[in-house]
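Peer 1: Before we start, here is the structure in question, set down as structure tokens.
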């Protein structure tokens, strides 16, 4: 009888523990879909718009992000596209990359019509914190050789998810467009996420 009571207490303790602690498991992901429908494209790396960015907010702690966009080149650029993750500062990227991914511009297509995975970026992303995915180039602005990201109308909610940089200043997009593609956030380690109150 004592053994049965002891086992019952252990079982109840385990049930309460797993009801209170919510774990983020290895392999957990969050997919943030961009809403652009590829009806047009937005250039960057040339005069008037040198940098583009897209806001994201993780729903948990993650340690990896893979960005998919319809990225293409115009002309024959020979430098790199630099994709960076940056923190937010007053509603715009703060200008300091947390981590970066370089893509050889010469290897890009001039006719890309679908979003494709650019590659994994290992970076610590915290639950509920605003970050920006920033697209820049390693070389100088060039009116003939630059880059474009497919875009299109989004859901009409006016959330100002995209931003562009011109002449040293960031601006919110007010034309109701978003990139074509998505960002997949993932975690490779098991960690406790938050305590849930039991009523």
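Peer 1: On the given criteria, is residue 36 in a loop (DSSP other than H, G, I, E, B) and in contact with a strand residue (DSSP E or B) (Cβ under 7 Å, 6 or more places away or on another chain)? I'd like the intermediate steps shown before the answer.
Peer 2: Working: in a loop (DSSP other than H, G, I, E, B): yes; in contact with a strand residue (DSSP E or B) (Cβ under 7 Å, 6 or more places away or on another chain): yes.
It is true that residue 36 is in a loop (DSSP other than H, G, I, E, B) and in contact with a strand residue (DSSP E or B) (Cβ under 7 Å, 6 or more places away or on another chain).
Peer 1: Can you name the residue in the stretch 39-60 that is farther than 21 Å from residue 93 by Cβ and assigned to a loop (DSSP other than H, G, I, E, B) and, of all such residues, is modelled with the lowest pLDDT?
Peer 2: For the stretch 39-60, the residue satisfying everything is 39.
Peer 1: Test residue 129 against the criterion of being crowded, with 16+ Cβ neighbours inside 10 Å and either at pLDDT 95 or above or in contact with a helix residue (DSSP H, G or I) (Cβ under 8 Å, 6 or more places away or on another chain) (or both), and give yes or no.
Peer 2: no
Peer 1: Right, next: May I ask you to list the residues in the stretch 50-62 that are crowded, with 17+ Cβ neighbours inside 10 Å and more than 12 Å from residue 83 (Cα to Cα)? Talk me through it step by step, then tell me what you get.
Peer 2: Of all residues in the stretch 50-62, those crowded, with 17+ Cβ neighbours inside 10 Å come to 50-56, 58, 60-62.
Within the stretch 50-62, 50, 55, 56, 58, 60, 61, 62 meet the criteria.
Peer 1: Under the condition of being surrounded by fewer than 17 Cβ atoms within 10 Å (Cβ to Cβ) and touching a strand residue (DSSP E or B) at 6+ places or on another chain (Cβ under 6 Å), which residue from the stretch 73-95 is nearest to residue 121 (Cα to Cα)?
Peer 2: Restricting to residues being surrounded by fewer than 17 Cβ atoms within 10 Å (Cβ to Cβ) and touching a strand residue (DSSP E or B) at 6+ places or on another chain (Cβ under 6 Å), the top hit is 87.
Peer 1: Consider only pairs whose beta carbons are under 9 Å apart and that are at least six residues apart or on different chains; among these, list those whose first residue lies in the stretch 73-97 and is free of Cβ contacts under 8 Å to residues at least 60 places away in the same chain and whose second residue is surrounded by fewer than 21 Cβ atoms within 10 Å (Cβ to Cβ) and in a loop (DSSP other than H, G, I, E, B).
Peer 2: What qualifies is 80/138; 80/139; 82/138; 87/129; 87/130; 88/129; 88/130.
Peer 1: State yes or no: is residue 109 surrounded by fewer than 15 Cβ atoms within 10 Å (Cβ to Cβ), touching a residue at least 40 places away in the same chain (Cβ under 8 Å) and outside any strand (DSSP E or B)?
Peer 2: For residue 109, the condition - surrounded by fewer than 15 Cβ atoms within 10 Å (Cβ to Cβ), touching a residue at least 40 places away in the same chain (Cβ under 8 Å) and outside any strand (DSSP E or B) - is not met.
Peer 1: Run down 146, 171 and say which single residue is surrounded by 15 or more Cβ atoms within 10 Å (Cβ to Cβ), over 19 Å from residue 66 (Cα atoms) and either more than 15 Å from the chain's Cα centre (by Cα) or modelled with pLDDT of 90 or more (or both).
Peer 2: Of the residues listed, the single one that is surrounded by 15 or more Cβ atoms within 10 Å (Cβ to Cβ), over 19 Å from residue 66 (Cα atoms) and either more than 15 Å from the chain's Cα centre (by Cα) or modelled with pLDDT of 90 or more (or both) is 146.
Peer 1: How many residues, within the stretch 67-81, are under 18 Å from the mean Cα position of the chain (by Cα) and assigned to a loop (DSSP other than H, G, I, E, B)?
Peer 2: 1
The values are calculated or read from the model by the stated rules, or taken from the named source; none is laboratory data. This structure is a prediction, so every number in the text was calculated from the model and none was measured. Reconstructed Cβ throughout: ideal geometry from the backbone, glycine too, with neighbour counts over all protein chains shown.
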